[in-house]
1. Picking from 145, 153, which residue would you name as being farther than 22 Å from residue 268 by Cα and either touching a strand residue (DSSP E or B) at 6+ places or on another chain (Cβ under 7 Å) or assigned by TED's automatic domain parsing to the domain that holds residue 202 (or both)?
2. Kindly indicate whether residue 52 is assigned to a loop (DSSP other than H, G, I, E, B) and modelled with pLDDT of 75 or more.
3. Residue under question is residue 125, and the condition is that it be touching a helix residue (DSSP H, G or I) at 6+ places or on another chain (Cβ under 6 Å), modelled with pLDDT of 85 or more and assigned by TED's automatic domain parsing to the domain that holds residue 238; does it hold?
4. How many residues does the stretch 130-142 hold that are in contact with a strand residue (DSSP E or B) (Cβ under 7 Å, 6 or more places away or on another chain) and assigned to a helix (DSSP H, G or I)?
5. Among the candidates 70, 84, which residue alone is under 30 Å from residue 38 (Cα atoms), modelled with pLDDT under 85 and in contact with a helix residue (DSSP H, G or I) (Cβ under 6 Å, 6 or more places away or on another chain)?
6. Testing residue 217 on (1) modelled with pLDDT of 95 or more; (2) closer than 16 Å to residue 151 by Cβ, one condition comes back false. Which one is that?
7. Being surrounded by fewer than 18 Cβ atoms within 10 Å (Cβ to Cβ), out of contact with any strand residue (DSSP E or B) (no Cβ under 6 Å at 6 or more places or on another chain) and modelled with pLDDT under 95 is true for just one of 210, 185, 115. Which residue is that?
8. Starting from residues that are touching a residue at least 12 places away in the same chain (Cβ under 8 Å) and part of a helix (DSSP H, G or I), keep the ones in the stretch 151-163 and report whichever is farthest from residue 235 (Cα to Cα).
């Protein structure tokens with residue numbers, strides 16, 4: 001399915017006609033807006049919009065995209081609007097996938113984050129490196145961990161995610177954005193295929209074409225040794241490192257989660273770090 005065409009169809013299907021000022025009755029059989037209604041509201045011809053959804057309009061103009069996105073016909077948020085423009089631009093030129101190499105200076109930054117799990121991840125959700133506490137949180141070495149695969153395919157690990165359903169939404173939304181940015185990345189395409197083959201939930205969520213930007217928010221883990229850890233994540237895009245970000249998971253001061261992280265660090269020290277980190281990288 002053409003990514004642009006599919007994205008337009010799914011966005012159209014979720015728009016409430018009444019909210020767009022279109023009267024409805026019991027005879028209506030279309031979910032969301034009809035194609036001709038989107039065309040009318042956005043001021044483009046029906047024929048042109050049909051060609052957009054069929055993937056036959058290969059060079060949509062900026063004016064058409066402005067009408068579809070900025071006029072809020074499809075009720076796109078900022079992340080979705082950027083994704084729409086990116087899907088159009090990818091027909092003209094393709095961004096090169098990041099190499100995955102982590103500079104030694106960044107690895108030393110991880111060592112400086114001592115009381116919070118910290119990871120360096122790429123657009124495929126591969127963990128390229130992590131600090132000691134991240135290894136203890138996940139109970140395994142960081143290099144080789146792909147968090148999307150961990151969430152969807154490793155059934156024994158599902159209990160680690162206290163908010164598993166929301167984690168799946170975030171993961172699929174992120175991978176959708178990554179696919180729009182790096183459509184020529186074969187390893188990303190292979191990962192998406194693997195997840196689709198192995199997880200019915202992934203297939204259903206992927207078909208919705210939702211996109212999500214990972215910036216900050218709540219993440220809850222149910223660790224087998226220290227119990228529930230309600231943490232806050234901050235995602236930092238790294239300058240001159242496209243597609244790679246630093247993720248820090250921290251606890252509120254004087255919270256049970258802060259006590260839990262401190263206990264986890266002490267338990268790891270007592271066990272001699274049975275699952276050491278980390279400060280290593282994936283070689284591509």
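1. That would be 153, the only listed residue that is farther than 22 Å from residue 268 by Cα and either touching a strand residue (DSSP E or B) at 6+ places or on another chain (Cβ under 7 Å) or assigned by TED's automatic domain parsing to the domain that holds residue 202 (or both).
2. no
3. yes
4. Final tally of qualifying residues: 2.
5. Of 70, 84, the one residue that is under 30 Å from residue 38 (Cα atoms), modelled with pLDDT under 85 and in contact with a helix residue (DSSP H, G or I) (Cβ under 6 Å, 6 or more places away or on another chain) is 84.
6. (1)
7. 115
8. Checked the stretch 151-163; the qualifying residue farthest from residue 235 (Cα to Cα) is 159.
The values are calculated or read from the model by the stated rules, or taken from the named source; none is laboratory data. All values reported here derive from a predicted model rather than from experimental measurement. Positions of Cβ are backbone-derived with ideal geometry, glycine not excepted, and every protein chain shown enters the neighbour counts.
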